[in-house]
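A.B. asks: Before I ask anything, let me first share the structure, which is written out below as structure tokens.
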Amino acid sequence: MTEANKFPADQMDGIAKGFPGRIGFYVKDLCTGLTYEYNADEPLPTASVCKVAVMIELFRQHEVGESSLSARHRVRDNISRHGTGALSLMKDQPELSVYDLCRMMMGVSDNVATDMLIGLLTPDAINGTMQVMGYHNTRTTMPLGVWHYLMKGIVEEPSLELDEKILDGSLTDGPGDKDLPFASDLRNNVASARDLCDIMEKIESREMISATACEEMIAMMKVVRNPNRIRQYLRPEIQAARKTGGSGRIKADTGIVYLPNGPVVIAGLATADDRDQGTLGMEAIGQISRLVYEVLSPDSIVD
């Protein structure tokens with residue numbers, strides 16, 4: 001590897017150090033083995049990137065016969081409609097397969113689908129699998145409804161009634177630990193950049209659960225189209241299989257980017273010190289990713 005083909009670590013470190021908060025980043029070119037890392041082992045808040053662990057556990061349970069992708073479940077009324085997705089609009093308790101719930105969770109980041117799957121799989125099973133696989137800094141400990149409620153200190157079980165009170169402002173902040181959703185704490189929904197890149201590498205090499213499961217997971221993640229974070233400076237025709245996450249001052253992204261000269265796995269997680277600085281996390285992840293592409297495939301960049 002010549003000096004010209006190395007990542008500009010000083011520039012990349014400078015972007016990370018200039019970010020007003022905590023940031024973790026890891027990248028690996030799967031063709032050459034070239035890597036860059038910054039704070040890659042700290043468990044950082046994931047927002048919707050936590051859905052990657054849910055997806056893996058679902059396919060693991062399906063593979064060993066503990067659950068079925070074809071099983072069907074109705075959308076319950078006693079589940080929070082907070083956040084992203086389409087199922088929050090449904091009023092007649094639609095029935096969906098577990099497979100379609102996973103597709104909605106990954107493709108459009110549907111929080112209702114996510115919380116249904118977390119309830120079916122259980123956080124203990126999801127986190128147990130992460131631990132056994134060696135991902136000691138990755139945890140999906142609570143449903144997204146619970147996680148969003150805790151940001152307001154609300155510790156009651158999520159419900160449509162409480163959703164409405166939050167939306168109309170009639171429910172004041174509660175006594176719960178409002179700092180936990182932003183903490184580098186294994187009681188929170190967190191992941192390290194290194195863990196996420198190893199997961200993506202195993203999915204791309206068809207070594208996660210099974211080759212068939214990997215094909216399905218890649219297809220689900222290719223639906224994500226957000227033109228920001230690790231995609232911010234990529235030409236639109238460059239494919240990627242990824243999962244984004246964001247809530248206020250938390251911004252995150254991880255995935256496989258299919259550059260013309262081969263795939264690269266990337267993970268960036270940023271939590272700003274202040275909510276008003278949240279977009280700076282998105283920009284920092286984008287800028288560091290841009291420097292990656294400048295080395296590996298400069299023709300893939302668009303300004």
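The values are calculated or read from the model by the stated rules, or taken from the named source; none is laboratory data. Predicted model only: the values in this text are computed from it and were never measured. Cβ: placed from backbone, ideal geometry, glycine included. Neighbour counts: every protein chain shown.
A.B. asks: What are the pairs, 6+ residues apart or on separate chains, where a residue within segment 286-303 that is closer than 15 Å to Thr32 by Cβ and in contact (Cβ under 8 Å) with a residue 40 or more places away in the chain has its Cβ under 9 Å from a residue that is charged (D, E, K, R) and surrounded by fewer than 20 Cβ atoms within 10 Å (Cβ to Cβ)?
C.D. replies: Val295/Lys6
A.B. asks: Can you name the residue in segment 83-99 that is in a helix (DSSP H, G or I) and touching a helix residue (DSSP H, G or I) at 6+ places or on another chain (Cβ under 8 Å) and is also modelled with the highest pLDDT among such residues?
C.D. replies: Among those that are in a helix (DSSP H, G or I) and touching a helix residue (DSSP H, G or I) at 6+ places or on another chain (Cβ under 8 Å), it is Val98.
A.B. asks: Is it true that some residue in segment 134-142 is modelled with pLDDT of 80 or more and in contact with a His (Cβ under 9 Å, 6 or more places away or on another chain)?
C.D. replies: No - not one qualifying residue is present in segment 134-142.
A.B. asks: Are there any helices (runs of 4 or more DSSP H) wholly within segment 114-183 with 2 or more residues that are under 13 Å from Thr46 (Cβ atoms), and if so which?
C.D. replies: Here the list reads 123-132, 144-150.
A.B. asks: Related question: I need every pair where a residue in segment 46-66 that is closer than 12 Å to Arg139 by Cα has its Cβ under 9 Å from the Cβ of a residue that is among the aromatic types (Phe, Trp, Tyr), sequence separation at least 6 or different chains.
C.D. replies: Matching pairs, first to second residue: Ala47/Trp147; Cys50/Trp147; Ala53/Tyr135.
A.B. asks: Exactly one condition in (1) at pLDDT 95 or above; (2) part of a loop (DSSP other than H, G, I, E, B); (3) surrounded by 16 or more Cβ atoms within 10 Å (Cβ to Cβ) is not met by Asn226; state its number.
C.D. replies: (1)
A.B. asks: For segment 234-253, check the following and say yes or no: at least one residue is surrounded by fewer than 20 Cβ atoms within 10 Å (Cβ to Cβ), assigned to a helix (DSSP H, G or I) and within 16 Å of the chain's Cα centre (by Cα).
C.D. replies: The answer is no, given that none of the residues of segment 234-253 is surrounded by fewer than 20 Cβ atoms within 10 Å (Cβ to Cβ), assigned to a helix (DSSP H, G or I) and within 16 Å of the chain's Cα centre (by Cα).
A.B. asks: Within segment 205-215, which residues are aliphatic (A, V, I, L, M) and in a helix (DSSP H, G or I)?
C.D. replies: Ala211, Ala213, listed by residue number.
A.B. asks: I would also like to ask the following. In this structure, is Gly128 among the small types (Gly, Ala, Ser) and surrounded by fewer than 20 Cβ atoms within 10 Å (Cβ to Cβ)?
C.D. replies: yes
A.B. asks: Being on the phi > 0 side of the Ramachandran plot, part of a strand (DSSP E or B), at pLDDT 95 or above and not acidic (Asp, Glu), is that true of even one residue in segment 269-284?
C.D. replies: Looking for residues that are on the phi > 0 side of the Ramachandran plot, part of a strand (DSSP E or B), at pLDDT 95 or above and not acidic (Asp, Glu), one finds none in segment 269-284, hence no.
A.B. asks: Touching a residue at least 24 places away in the same chain (Cβ under 8 Å), touching a strand residue (DSSP E or B) at 6+ places or on another chain (Cβ under 9 Å), part of a helix (DSSP H, G or I) and closer than 15 Å to Thr46 by Cβ, is that true of Ile218?
C.D. replies: In short, no.
A.B. asks: Filtering segment 1-37 down to residues that are loosely packed, with under 11 Cβ neighbours inside 10 Å and not in a helix (DSSP H, G or I), which residue is modelled with the highest pLDDT?
C.D. replies: Across segment 1-37, the extreme among qualifying residues is Gly33.
A.B. asks: Hey, another quick one. Of the conditions (1) surrounded by 13 or more Cβ atoms within 10 Å (Cβ to Cβ); (2) at pLDDT 90 or above, Ser70 clears all except one; give me its number.
C.D. replies: Unmet condition: (1).
A.B. asks: So, one more: Given Ala211, Ala219, which one is surrounded by fewer than 16 Cβ atoms within 10 Å (Cβ to Cβ), under 24 Å from Leu144 (Cα atoms), modelled with pLDDT of 95 or more and of a type in the set (A, V, I, L, M)?
C.D. replies: Of Ala211, Ala219, the one residue that is surrounded by fewer than 16 Cβ atoms within 10 Å (Cβ to Cβ), under 24 Å from Leu144 (Cα atoms), modelled with pLDDT of 95 or more and of a type in the set (A, V, I, L, M) is Ala219.
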